[in-house]
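Since the structure comes first, as structure tokens, the remarks are kept for the end.
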Amino acid sequence: MEYAFEQITQINNSISIVEYASQYLELRQGVGRRSNEYWTPCCFHGGDINPSLSFNSEKNVYKCMGCDSKGYLINFIMQYHKLSFPKAVEHVLQLVDIDIEEKEPSKIMDFLYKSNIKKDPRDNLNRIYLPENIMNQYTNKPIKEWLTEGMSQEILDKYEVRYDEKSNAIVFPIKDVEHKILAIKARTLYQNYQDLGIAKYIYYNSIGTNDFLFGLNQNMKNIKLKNEVIVVEAEKGVMILDSFGFDNVVSISTKIMTQKQVELLLSLKCNIIFAFDKDVAEKELYKIITPFSLFTNVQYVYDKDNLLKSKDSPYDKGIEIWQNLFNNYKYKIRE
Ligand SMILES: [Zn+2]
């Protein structure tokens, strides 16, 4: 197996080299500014009386002042146990739980960046999660505005949709795949929200970046089972389609996918069907999803016969039109 550079780095940093080496060697910690260094007589060159082999806990590397031994964790394991590179990697992978197969080689991402995928510098921000019970402060009552749009109460409960009395808004949590709450999204119920200067949808706290797919935490099992994921733009689409009986849907919460969302989608290793809003032109759609076709089966739902209005989402006109679109207006990317 070939490993991408990032994967090797990940493996090299997965275990503290100091802890690993101290299973076999007697290490003495440096003092003061050198307290991140651990010294021992070198086991790689003969007759070393003074400690000349050092391990750096900060950089996770080793180096000998006497012979030319140096490197990262994998190098140390190769040298100490006299193992080949693949065997040393295997050895580490047996000790730590890294799912190395899941990560797509960096080549894929490079390719995707070149084709319309937004690279977001904030992608690696440190998340602050909201308390698990945060939704309890909102009222759990039937949301008639959404129930009349075809959503069922069961589905509203599944996505934890509540009512916020203070701001007269429908609220629901945005969760990551580990079911941690990243944010609360609110849809105002004031009819005249534009006059009031309120946005239709807001996040109650800063979301930072779209490094999630709404619905993935609830629908991961169904997606794996069906080997297929349907991708829509809005969170509401996930709930409406779920009410229509499509329980393998996620939303990107925006029109432009971020790097993390692409990674998440590819990591599902299943067929992908994009069902974006009508205002995304076919040519535009093509640009966004063609790169995916290199790695998996990709299809897109496109309203060629104007069953929808110009800004509609494919599920806006009810279950029958959706089913018609899904069954008869689904296209493959041409080779
Ligand atoms: Zn040495």
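Near MET151, within a Cβ-to-Cβ distance under 11 Å, what is the net charge of the other residues, with Lys and Arg +1 and Asp and Glu -1? With Lys, Arg at +1 and Asp, Glu at -1, the neighbours total -2.
In terms of overall dimensions, the C-alpha atoms belonging to the range 14-106 reach 44, 29, 24 Å along their principal axes, ordered largest to smallest. Please find the FRET efficiency linking ASN140 to ILE321, where r is the Cβ-Cβ separation and R0 is fixed at 35 Å, and quote it to the nearest 0.05. Efficiency, rounded to the nearest 0.05: 0.65.
Cα gyration tensor of the range 216-332, axes a ≥ b ≥ c as square roots of the eigenvalues: rounded (a/c below 1.5), prolate (a/b > b/c) or oblate?
oblate
Coupling constants for the range 178-188 follow from the phi torsions by the Karplus curve (6.51 cos²θ - 1.76 cosθ + 1.60, θ = phi - 60°), and in residue order they are 8, 6, 7, 8, 8, 6, 10, 9, 10, 10, 5 Hz; glycine and proline get x. A simple spin-label model places pseudo-atoms 7 Å from Cα toward Cβ; at LEU196 and ASN50 they are separated by 7.7 nm. Taking every Cα-Cα distance in the chain and sorting them into 20 Å bins from zero, the calculated P(r) comes out as 25, 43, 24, 8, 0 percent. Mean projected area of the convex hull spanned by the Cα atoms of the range 134-203, taken over all viewing directions: 5.0 nm². The phi-based Karplus calculation (6.51 cos²θ - 1.76 cosθ + 1.60; θ = phi - 60°) puts the 3J(HN,Hα) values of the range 7-19 at 5, 5, 4, 4, 5, 4, 9, 7, 10, 5, 5, 5, 4 Hz, whole numbers, x for Gly and Pro. For the listed residue pairs LYS180/LYS317; LYS200/LYS332; LYS260/LYS287, the alpha carbons are over 25 angstrom apart in LYS180/LYS317; LYS200/LYS332. So if we plug the beta-carbon distance of ASP157 and ILE207 into 1/(1 + (r/R0)^6) with R0 = 25 Å, what FRET efficiency do we get, rounded to 0.05? The value I calculate is 0.60. Can you compute the modelled spin-label distance between LEU83 and LYS304, with each label point 7 Å from Cα toward Cβ, in nm? Roughly 5.5 nm, to one decimal.
Only the coordinates and a few stated rules stand behind these numbers; no lab work does. Note that the coordinates shown come from a computational prediction; the quantities given were computed from them, not determined experimentally. Don't worry about glycine lacking a Cβ; one is built from the backbone with ideal geometry, like all the others, and counts go over all protein chains shown.
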